[in-house]
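Novice: Can you read through this structure? Questions will come right after.
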Amino acid sequence: MEEDATSTERPHRVICPNAVITSTIRVSPQTRRFIKTLSALMGIPILSRGKSSLDEVAYYTKKAGFTSFLVVFSRRGVPSRIDVYKLMPKGYFKPLGYILMRGFEIYRKPPAYIGTHLILNGDNEVSRELWRMLISAFGNDSCSKYSGNISKCEIEDYVDEAVMCFWMENQISVKVFIRNVRFQKE
């Protein structure tokens, strides 16, 4: 094989996120539905936030043995942004970055899974940055110590954006449209 030839194999990895998902203090029904769906698809437990601050969310997350947490924000009742936080070994948390959403579509209600098989099919910047964000946040969390079903998620290009397509029995179950992905500046 030539040295400068490009590989047709797409990056893929199975992840079992060692994280919890929560929301802002006020939650719309559509945002609650999105959180429940994402939780089932990726195997992420939901942490009821109530009136807890981010410090309290980090404390509960660390006490339960998780290494990161996601906070879903909504705008006009629709989920619009997911902030990703990593817990540091010294006990504090730092923002890894955020994912801006344009919307989501649920075609079939998914069953509960223990993890996700991520496949990068997209070539645009948003698709690559989404892949990098998910691998940075959850890449070290493998499903080797668990048994159960794993969902399939393909990250694809969608015009200048990206779309996460979750598959169930050879049919698309859920699509999440991603406008942009930003990493926190060091």
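A short reminder: the numbers here are calculations on the coordinates, not readings from a lab. Keep in mind the model is a prediction, meaning the values are calculated, not measured. Positions of Cβ are backbone-derived with ideal geometry, glycine not excepted, and every protein chain shown enters the neighbour counts.
Novice: Only one of ILE25, ILE82, ILE35 is of a type in the set (Val, Ile, Thr) and within 21 Å of GLU154 (Cβ to Cβ); which?
Specialist: Unique residue meeting the criteria: ILE82.
Novice: Additional query: Test SER80 against the criterion of being within 24 Å of THR31 (Cα to Cα) and part of a strand (DSSP E or B), and give yes or no. Spell out the reasoning first.
Specialist: On the way: within 24 Å of THR31 (Cα to Cα): yes; part of a strand (DSSP E or B): yes.
Against the criterion (within 24 Å of THR31 (Cα to Cα) and part of a strand (DSSP E or B)), SER80 qualifies.
Novice: Identify, from the list LYS94, LYS51, the residue that is of a type in the set (Lys, Arg), without any contact (Cβ under 8 Å) to a residue 40 or more places away in the chain and more than 14 Å from PRO17 (Cα to Cα). Steps first, answer last, please.
Specialist: On the way: LYS94 fails: without any contact (Cβ under 8 Å) to a residue 40 or more places away in the chain.
Criteria check complete, one pass: LYS51.
Novice: Additional query: Which of the residues spanning the range 62-82 are charged (D, E, K, R) and either in contact (Cβ under 8 Å) with a residue 40 or more places away in the chain or out of contact with any Leu (no Cβ under 7 Å at 6 or more places or on another chain) (or both)?
Specialist: Those that are charged (D, E, K, R) and either in contact (Cβ under 8 Å) with a residue 40 or more places away in the chain or out of contact with any Leu (no Cβ under 7 Å at 6 or more places or on another chain) (or both): LYS63, ARG75, ARG76.
Novice: Would you be able to say whether some residue in the range 137-150 is in a strand (DSSP E or B), under 13 Å from MET42 (Cα atoms) and either of a type outside the set (D, E, K, R) or in contact with a Leu (Cβ under 9 Å, 6 or more places away or on another chain) (or both)?
Specialist: yes
Novice: Scan the range 86-98 residue by residue and report those that are crowded, with 18+ Cβ neighbours inside 10 Å and closer than 19 Å to VAL176 by Cβ.
Specialist: Within the range 86-98, GLY97, TYR98 qualify.
Novice: Among the residues of the range 83-119 satisfying the criterion of being part of a loop (DSSP other than H, G, I, E, B) and of a type in the set (Gly, Ala, Ser), which is nearest to GLY148 (Cα to Cα)?
Specialist: Narrowing the range 83-119 to residues part of a loop (DSSP other than H, G, I, E, B): 88-92, 107-114.
Subset that is of a type in the set (Gly, Ala, Ser): 91, 112.
Details: GLY91: 31, ALA112: 9 Å.
Filtering first and then ranking leaves ALA112.
Novice: For the condition part of a strand (DSSP E or B), over 14 Å from the mean Cα position of the chain (by Cα) and either closer than 20 Å to SER39 by Cα or touching a residue at least 24 places away in the same chain (Cβ under 8 Å) (or both), what is the one hit in ILE172, ILE178?
Specialist: ILE172
Novice: Within the range 34-78, track down each residue that is within 28 Å of SER144 (Cβ to Cβ) and of a type in the set (Ser, Thr, Tyr).
Specialist: THR37, SER39, TYR60, THR61, THR67, SER68
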